[in-house]
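Down below is the structure, laid out as C-alpha cells.
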Amino acid sequence: MAALTVLMPVYNAERFVAEAIESILQQTFQDFEFLIIDDGSTDQTAAIVTGFDDCRIKFVQNERNLGISATLNNGIELAIAPLIARMDADDISLPQRLQKQYDYMQAHPDCAMVSSLVKVITEEGKLVRVDSFKSEYFYYNLTFICWIYHPTVMYRKDAVKEVGMYSVPYAEDFELFWQLSRSHKIYNLPEILLHYRISGQSLHQVLKKQEYEKAQHEQLLRNFRYYAGSDFTMPDSHLECLQHNFKPLLEESSATSVLKCLHQLDLLTKGILAKNNINKSDKAIKKAAFYKRKYILEYFLQHFSKPKVVYLLLRDFNIQYLSYLIKTKWRSLAKT
C-alpha cells in the first residue's frame, strides 16, 4: 500500500493540468498513489491526464458534474493511504513538498493536518506576492480569515472523516480547517512548498464569487458566536474589516464605528483566550491579536483626517499600542 494519496480534482483544466501532474510525478518522495478525479470536464482535460503513462496515477471520471465538495469526499473514500495530500490542477508543487510534509506528519503523530506557505503566481507564472504569515498565528487568525491554502495541505484521512469531511458546497476548505482545528492539532510549515496560481477558472475568485462570499460571511458569524455567544452580531462593514477589507468601514467615515469594531475584536480575542483548544497558546494568541489590531488601527490612522486620528487614539487608549508607538518613535529619533 502506498504511504500517501495525492488527491487532485480536475474540471476543464486543460491549460495547466499537465504542469500540475508533472510537479507531483517529479517529487523526491515517490511512494504515493495519484488519485485524479475529473468532475465532468468538457475540454481536453481527460485526454491530457490519460496521456501520462505512470502506474501511480489512478484516474476516475464522475458521470456528471458533482461539485468540488462531493468530488473531494469521493476521493477521500477512494484513497488507499492514511495520509492524503491535496493538489489542484492549476498549481505547482515544489519537488520536496511531499517529503517534507510526510516527514513532519511522521514525526508528529498527534498532528491531523500540515500546510505550507506559497508563492502566488499569475496564469503566466509571474510573481504576484509571497505571504509571510507566521505559523504561530494561524490558529488565532483562522477565526477571521483563511490563511491556509487548500492545495498545500496534507491531512490524516481518519481525522477528516471524523469531523464530517467536506460538509458545505462553498468555502469548503475554510469549513474543514475550522472543524479540524476544534479537536485536532494543525500546523503550517514556515516555508514555500507550492506555487499557487490565480486563474480565471478559480471558483472563489471568479466563477462563484458571490456564493463563496456568502458562505464565508455565515462561517465567520458562526466562528464569532462560538467565542462570544449565540446572540453576537456585527455590521457587515465590521465583518469585512476583520477580514482586512477596510473599504466599507472607511466609507462610513466614522471614528466611532472603527472604535466599535476594535472593541468587538477585543471581545473575540478574550473569548478565544478563554476557550480550551489543543492548538491554543496564550502567548501566540496575544501576539497575533496585537498585530491584527495594530494593522487595522494603522490603516485608519493613515486614511482619516487629523481630528479623527486624535479622537481614535484618545478614545481607544490601548496601552500596548501606545507603548509600541512611543518605542517606535524613540527608535526613529535615535537613528537621526
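Given q = 0.15, 0.22, 0.23 Å⁻¹, what are the Debye log10 I(q)/I(0) values for the stretch 78-153, with equal point scatterers placed on the Cα positions and solvent ignored? For the stretch 78-153 at q = 0.15, 0.22, 0.23 Å⁻¹, log10 I(q)/I(0) is -0.62, -1.22, -1.29. Each 20 Å bin from zero up to the one holding the largest Cα-Cα distance in the chain carries the following percent of pairs: 28, 53, 18, 1. Residues whose amide H comes within less than 5 Å of that of residue 10, counting only those at least five positions distant or on another chain, are 37, 38, 39 (H built at 1.01 Å from N in the peptide plane).
Pairs exceeding 24 Å between alpha-carbon atoms, taken from 260/306; 157/270; 185/270: 157/270.
Among 186, 36, 121, which comes first, second and so on when ranked by fewest other beta-carbon atoms within 10 Å?
121, 186, 36
Working note: 222 nm ellipticity from helices only, DSSP H runs with n ≥ 4, each -39,500 (n - 2.57), summed and divided by the residues of the chain, gives -15000 deg cm²/dmol to the nearest 500.
Inter-label distance, residue 245 to residue 283: 3.6 nm, where each label sits 7 Å from its Cα along the C-beta direction.
Backbone phi angles across the stretch 151-161, fed through the Karplus curve with coefficients 6.51, -1.76 and 1.60 (θ = phi - 60°), yield HN-Hα couplings of x, 9, 7, 10, 9, 7, 4, 4, 5, 5, 5 Hz in residue order; Gly and Pro are listed as x. Between the amide H of residue 188 and those of 115, distances stay under 5 Å, these residues lying 5 or more places away or on another chain, with hydrogens modeled in the peptide plane. Its residues counted as N, the stretch 234-335 yields a C-alpha radius of gyration over 2.2 N^0.38 Å of 1.15.
Cβ crowding within 10 Å, taken as a proxy for footprinting-reagent exposure, orders 91, 131 from fewest neighbours to most as 131, 91. For residue 44, the residues 5 or more places off, or on other chains, whose built amide H falls under 5 Å of its own are 14. Whole-Hz Karplus values for the stretch 115-131 come out as 10, 8, 7, 9, 9, 7, 10, 7, 4, 8, x, 7, 5, 9, 6, 10, 6 Hz, taken residue by residue from phi with 6.51 cos²θ - 1.76 cosθ + 1.60 and θ = phi - 60°; glycine and proline positions read x.
Rounded to the nearest 10 degrees, the inclination of helix 68-78 to the longest alpha-carbon principal axis of the chain is 50 degrees.
If one takes the longest principal axis of the Cα atoms in the chain, at what angle in degrees, from 0 to 90 and to the nearest 10, does the Cα axis of helix 306-316 lie? It is inclined by approximately 80 degrees. Hydrodynamic estimate: the Kirkwood radius of the stretch 10-151 over Cα pairs, inserted into Stokes-Einstein at 4 °C and 1.567 mPa s, corresponds to D of 78 µm²/s.
If you plug the beta carbon distance of residue 225 and residue 104 into 1/(1 + (r/R0)^6) with R0 = 30 Å, you get a FRET efficiency near 0.35. Take every Cα pair under 8 Å whose residues are at least 6 apart in sequence, average their separation, divide by the length of the chain, and the relative contact order is 16 percent.
Choose one answer from 251, 175, 33: the residue with the largest mean-square fluctuation in a GNM of the chain with alpha-carbon springs under 10 Å. Its mean-square fluctuation being the largest, the pick is 251. With θ taken as phi - 60° and the Karplus curve 6.51 cos²θ - 1.76 cosθ + 1.60 applied, the whole-hertz 3J(HN,Hα) list for the stretch 24-37 is 7, 4, 9, 5, 5, 8, 10, 8, 8, 9, 10, 8, 10, 10 Hz, x standing for glycine and proline.
As I understand it, the value is the acute angle between the Cα axis of helix 172-183 and the longest principal axis of the Cα atoms of the chain; what does it come to in degrees, rounded to 10? Relative to the chain, helix 172-183 is tipped by roughly 70 degrees. With each label modelled as a point 7 angstrom along the Cα→C-beta vector, the residue 31-residue 162 pair spans 2.3 nm. Rg over Rh for the stretch 213-255 works out to 1.01, both radii taken from alpha-carbon positions and Rh defined as the Kirkwood radius. As a calculated quantity, the FRET efficiency between residue 55 and residue 122 at R0 = 41 Å, using C-beta atoms, amounts to about 0.75.
Readers should treat all values here as calculations from the given coordinates under stated rules, not as data from a laboratory. This is a predicted model, so every value here is computed, not measured. Here the Cβ is made from the backbone with ideal geometry for all residues, glycine too, and neighbour counts use every protein chain on show.
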